[in-house]
1. Averaged per residue, what accessible surface does region 22-68 expose to a 1.4 Å probe, in Å²?
2. Go ahead and estimate [θ] at 222 nm for the chain from helices alone: -39,500 (n - 2.57) per DSSP H run with n ≥ 4, summed, over the residue count, rounded to 500.
3. Among SER165, PHE228, TYR196, which residue has its Cα positioned farthest towards the positive end of the charge dipole of region 79-291, with +1 placed on the Cβ of Lys and Arg, -1 on the Cβ of Asp and Glu, and the dipole taken about the Cα centre?
4. Are there any helices in the chain, counted as whole DSSP H runs, that stretch 18 Å or more along their axis by Cα and score at least 1.0 on average by Kyte-Doolittle, and if so which?
5. Rounded to the nearest 20 Debye, what is the dipole magnitude of region 148-248 about its Cα centre when Lys and Arg each give +1 and Asp and Glu each give -1 at the C-beta?
6. So if a site counts as exposed when it's one of the trypsin sites (Lys or Arg not before Pro), its DSSP state isn't H, G, I, E or B, and it has at most 14 other Cβ atoms within 10 Å, what's the longest stretch of the chain without one?
7. Residue separation times 0.36 nm, minus the C-alpha to C-alpha distance between ASP144 and TYR40: what's the value?
8. Rank VAL132, ILE91, SER120 by how far each Cα sits towards the positive end of the charge dipole of region 79-291 (+1 on Lys, Arg Cβ; -1 on Asp, Glu Cβ) and give me just the farthest.
Amino acid sequence: MIQPPVSKPPTPAQGKSRKVRVHRSLLTITVVLIVIGQVYPLLWMFLTSFRTAADFAGGNAFSWPSEFTLENYSRAFETGNLGQNIVNSLIVTLGASALIVVAGMMAAFALEVLGFRLSSLVRALFMLGIIVPVQIALVPLFIDYSKVGLLDTHLSMIVPLAAFSLPMSIYLFSSFYGFIPRETYEAASLDGAGPYRIFTQITFPLSLNTIVTVVLVNSIFIWNDFIFANTFVLSDGLKTIPLGLQNYIGAMGNTDWTATFAAVCVSVTPLLLVFLVLNKAMIQGLESGATKG
């Protein structure tokens, strides 16, 4: 009588390999779902910006456009003051980013490299700023701005946006400065370099990737800021893009959606292009800031 072949139990190596394949498949599916969830709204927004108003209002809002038109973009610039809104957003974003980088680098250099008595306490106070909500500063800032004449100016938006972004920026710069070997600073000091020379010739050139990371992370928040602009800006000529989108709301709440989507696409595209170009530098800045030597 022929005995049936006895199946061998899987070896530990085979079981481990099967688990790795399952985990890899689950990870791939998760990443694909996340990408779809992130890309689909952008794709839908760009497609809708090319649809006619009648097609968007009369058909399925999520269907493929029956015809494409550029009229929405021309109407976006005509209906709202989109060009001036973009210029104002650029001024506020560039001004706040420059202030964040300069103040953040200097504060982190003093805390991490130079060091001083109670520097740990000062760092902890800076980190507490991360949990402070911006809403509690609106009324005091509005009163102070009205007294000193800063209300309804670009500075009224730049200063608080930079101030509330400083804690995280100082943390990123401090983490990176801790990654730089102390021997580098000691060798520069032995060569007669003072703090200013060390900062400008050693620390600053090494911090370029971290600077890119800090600027990109904060620029997204600054570019899309609504609460400070809505509180401190009173005139149409100083409105940023988030405030300018209100111009597409007509009487009785009637909204020109296709022109609004076109305006949003115009405002989002620069950020997407900059992020795609500087993506690698941003990742390197995050990695270097997260690693201690």
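1. On the way: 3450 Å² over 47 residues.
Accessible surface, normalised per residue, equals 73 Å².
2. After summing the helix terms and dividing by the residues of the chain, the value is -21500 deg cm²/dmol.
3. Value: TYR196.
4. 82-108, 155-179, 208-223, 257-277
5. It comes to approximately 40 debye.
6. My reading of the result: 118-291 is the longest stretch.
7. Residue separation times 0.36 nm, minus the Cα-Cα distance, leaves 33.1 nm.
8. SER120
The values are calculated or read from the model by the stated rules, or taken from the named source; none is laboratory data. Remember, it's a predicted structure, so these values are computed and weren't measured experimentally. FYI the Cβ positions are ideal-geometry reconstructions off the backbone, even for glycines, and counts take in every protein chain you see. All accessible areas refer to the heavy atoms of the entire protein, side chains included, with ligands and DNA or RNA removed. Shrake-Rupley method; radii C 1.70, N 1.55, O 1.52, S 1.80 Å.
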